[in-house]
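Engineer: The structure is given below, and queries will be raised subsequently.
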Amino acid sequence: MSLWDRLTGEFIDIIDWTTDDGDTMVWRFERYGNEIKHGAKLTVREGQAAVFVNEGQVADVFPPGLYQLETNNLPILSTLQNWDHGFQSPFKAEIYFVSLKQFTDLKWGTKNPVMLRDPDFGPTRLRAFGTYAMRVADPKVFLREIVGTDGEFTTGEIQSQLRNIIVSRFSNAIASSHIPVLDLAANYDDLGKFAGVKIGEELAEYGLMLTKLLVENVSLPPEVEKAMDRRTQMGVIGDLHKYTQFQAAESMRAAAENPGEGGGAASAGIGAGIGMAMGGMMGNAMGGTAYADAPQGGMAPPPLPPQGKQWHVAIDGASSGPYDQGALAGLARDGRLTKDSLVWSAGMEAWERAGVVADLSSVFAATPPPLPPQG
């Protein structure tokens, strides 16, 4: 081999792309003056495509394989350069390597709530988020519509635009699906497929393909979720009337066990009333034998104390009670009854705030005021 052949062999280009950080979609092969030698070796690996661009115009596209760049395998570029009879001198062209792999775990989510009309809750707002995967389907279109002359194009440069498209089309899909909110979790897959078809048609205009769209969560506003939790609690409780009676009994017991906490005579009265009520219940349970041995015409049992006015209180959005004033004092000490709480008693036309009911002034008079600020 002559010295000249050995020197000319040193100028044969090796063109390939081996460094990939995982987010790069397009990488431009850097060559001084964009000058490529005749007979250069082009290596295109699996998951890649090589695109030749001449003076801003997309020319030839090479799929995976090993190529020696000559006139016969550069038909479009040769036509653009008017190489009718072959060439031996270097030619100028830009080479862009396009990654054809799937880019996964890309995030999407609604910036603002989606308004819709639900058959159970009426007008409501929903938020949603999830992940998606996509890849380049048409390198020519992708370069022409998105990349332009960018020498290194990453997923971060297009995620914002893709996210906007996905959110917009998903909002339309979920609003037009007419699926009740309570049934959405069972239809995440169907929603993802339905929205994916609409989104895929739009991404095709950019040379991209949406390969997967996953809906991870669709959530209601926090206040609606709290209301649903209360509704669930009521379902677990079951008989609300019996539960209210149990709560009232617990409040009366707590008031009787803490006579020194602002209760005074009222707490003592409650304790006595509970004791008499328990005695009566025991007597009834024993079939009235408590006085079976009393002599005929002897001393009769003492009469029950007169029943005071009974009150119903709105607690956590539900009617609770009835309570007497002693029990109300216990509720006020616990903070469950305030002057802004709604109350009702027989003879009242409507619910009223406890602070404006004259009969309850003594309840709040026995409640200590809040502590002054420290410092």
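The values are calculated or read from the model by the stated rules, or taken from the named source; none is laboratory data. None of the values given here were measured: they were computed from a predicted structure. Backbone-built Cβ (ideal geometry, glycine too); neighbour counts: all protein chains shown.
Engineer: Of everything in the stretch 119-140, what is acidic (Asp, Glu) and either crowded, with 17+ Cβ neighbours inside 10 Å or under 19 Å from Glu157 (Cβ atoms) (or both)? Give them in sequence order.
Structural biologist: Asp138
Engineer: Kindly evaluate Val224 against the criterion of being more than 30 Å from Lys140 (Cα to Cα), assigned to a helix (DSSP H, G or I), β-branched (Val, Ile, Thr) and modelled with pLDDT under 75.
Structural biologist: Judged against the criteria, Val224 is not a match.
Engineer: Among the residues of the stretch 140-173, which ones are under 30 Å from Glu55 (Cβ atoms), in a helix (DSSP H, G or I) and either β-branched (Val, Ile, Thr) or in the same structural domain as Asp60 (by TED's automatic domain parsing) (or both)?
Structural biologist: Once the filter is applied, which keeps residues that are under 30 Å from Glu55 (Cβ atoms), in a helix (DSSP H, G or I) and either β-branched (Val, Ile, Thr) or in the same structural domain as Asp60 (by TED's automatic domain parsing) (or both), the stretch 140-173 yields Val141, Ile146, Val147, Thr155.
Engineer: Residue by residue through the stretch 334-375, note down the ones that are charged (D, E, K, R), touching a helix residue (DSSP H, G or I) at 6+ places or on another chain (Cβ under 9 Å), modelled with pLDDT of 80 or more and farther than 22 Å from His241 by Cα.
Structural biologist: Answer for the stretch 334-375, where residues must be charged (D, E, K, R), touching a helix residue (DSSP H, G or I) at 6+ places or on another chain (Cβ under 9 Å), modelled with pLDDT of 80 or more and farther than 22 Å from His241 by Cα: Lys339, Asp340.
Engineer: Residue under question is Gly86, and the condition is that it be at pLDDT below 90, touching a Ser or Thr at 6+ places or on another chain (Cβ under 7 Å) and surrounded by fewer than 12 Cβ atoms within 10 Å (Cβ to Cβ); does it hold?
Structural biologist: The answer is yes for Gly86.
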